[in-house]
1. Does residue 4 satisfy the criteria of being more than 16 Å from ligand 2 (Cβ to nearest atom) and part of a helix (DSSP H, G or I)?
2. Does residue 154 satisfy the condition of being within 15 Å of ligand 1 (Cβ to nearest atom) and out of contact with any strand residue (DSSP E or B) (no Cβ under 7 Å at 6 or more places or on another chain)?
3. Check region 188-201 and report whether any residue there is under 18 Å from the mean Cα position of the chain (by Cα), farther than 15 Å from residue 19 by Cβ, within 15 Å of ligand 1 (Cβ to nearest atom) and at pLDDT 95 or above.
4. Taking the residues in region 130-148 that are assigned to a helix (DSSP H, G or I) and closer than 19 Å to residue 185 by Cβ as candidates, determine which candidate is farthest from ligand 1 (Cβ to nearest atom).
5. Restricting attention to region 12-26, and to residues there that are part of a loop (DSSP other than H, G, I, E, B) and within 16 Å of ligand 2 (Cβ to nearest atom), which single residue is nearest to residue 201 (Cα to Cα)?
6. Quick test for you: out of 175, 137, 165, pick the one residue that is closer than 24 Å to residue 39 by Cβ, touching a residue at least 60 places away in the same chain (Cβ under 8 Å) and under 19 Å from the mean Cα position of the chain (by Cα).
7. Would it be correct to say that residue 185 is modelled with pLDDT of 95 or more, crowded, with 20+ Cβ neighbours inside 10 Å, more than 15 Å from ligand 2 (Cβ to nearest atom) and in a loop (DSSP other than H, G, I, E, B)?
8. Of the residues that make up region 117-127, is at least one under 29 Å from residue 219 (Cα atoms) and crowded, with 24+ Cβ neighbours inside 10 Å?
Ligand code: KIV
Ligand code: NA
């Protein structure tokens with residue numbers, strides 16, 4: 001299959017097309033999502049919560065992000081693969097951010113990084129793009145800021161959000177992700193820039209949509225946000241299958257003759 005690039009995504013926006021994006025953290029899942037035609041795979045720092053079981057995205061390290069990015073990059077043949085810069089790699093000296101982001105391109109087969117923040121990140125985005133590292137900006141709700149914000153809240157400051165997106169675009173970001181923003185504010189952001197927008201909890205006025213795969217397929221424990229559409233119940237399937245295996249071992253029906261060497 002032909003590889004999607006930042007140019008492909010721009011063409012989608014220019015021609016009124018759409019972009020599908022899902023998180024991936026491991027080889028088999030990434031392979032299935034890639035085969036399904038998902039355009040962009042995100043090795044999100046949400047893996048801290050979804051895979052590692054933490055209550056925020058803050059604990060995951062750069063080395064751990066690289067470990068997961070290796071697996072996803074190896075699996076994806078068609079999708080563009082974006083890797084989150086984990087806290088606080090996108091907040092330290094710009095040189096260090098470039099060095100960390102460059103690891104994604106040097107050590108994995110992934111293609112771009114995502115960085116939380118807008119206007120205040122313009123100089124960093126510009127330096128990264130100048131260094132040859134494609135950057136997706138992430139505005140609106142910024143999970144890495146949870147301790148300053150005092151929780152996860154819908155972001156409604158239209159003027160500031162538009163300024164963030166415009167600054168990110170001017171700095172060279174190839175796309176802007178918009179998280180937890182009312183749909184009319186999203187529309188204002190989308191209309192203020194020309195690069196593709198990808199929303200999560202941001203309504204339909206974007207070029208693309210992203211969800212955490214484990215939320216989409218019903219493999220997440222606990223609270224599900226309002227903006228999630230749970231389209232399958234994989235946890236139930238796995239639980240039922242494991243219970244069937246347990247029972248088959250207990251009653252001696254596994255292994256059967258066909259599953260046994262003679
Ligand atoms: O880490 C992540 O999964 C994300 C998405 C929620 C956009 O950044
Ligand atoms: Na993230």
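1. Taking the combined requirement at face value, the residue does not satisfy it.
2. yes
3. yes
4. This residue is 145.
5. 24
6. The match here is 175.
7. Against the criterion (modelled with pLDDT of 95 or more, crowded, with 20+ Cβ neighbours inside 10 Å, more than 15 Å from ligand 2 (Cβ to nearest atom) and in a loop (DSSP other than H, G, I, E, B)), residue 185 does not qualify.
8. No; the residues of region 117-127 include none that is under 29 Å from residue 219 (Cα atoms) and crowded, with 24+ Cβ neighbours inside 10 Å.
The values are calculated or read from the model by the stated rules, or taken from the named source; none is laboratory data. For clarity, every value in this text was computed on a predicted model and none was experimentally measured. Using ideal geometry, Cβ is built from the backbone for each residue, glycine included, and neighbour counts are taken over all protein chains shown.
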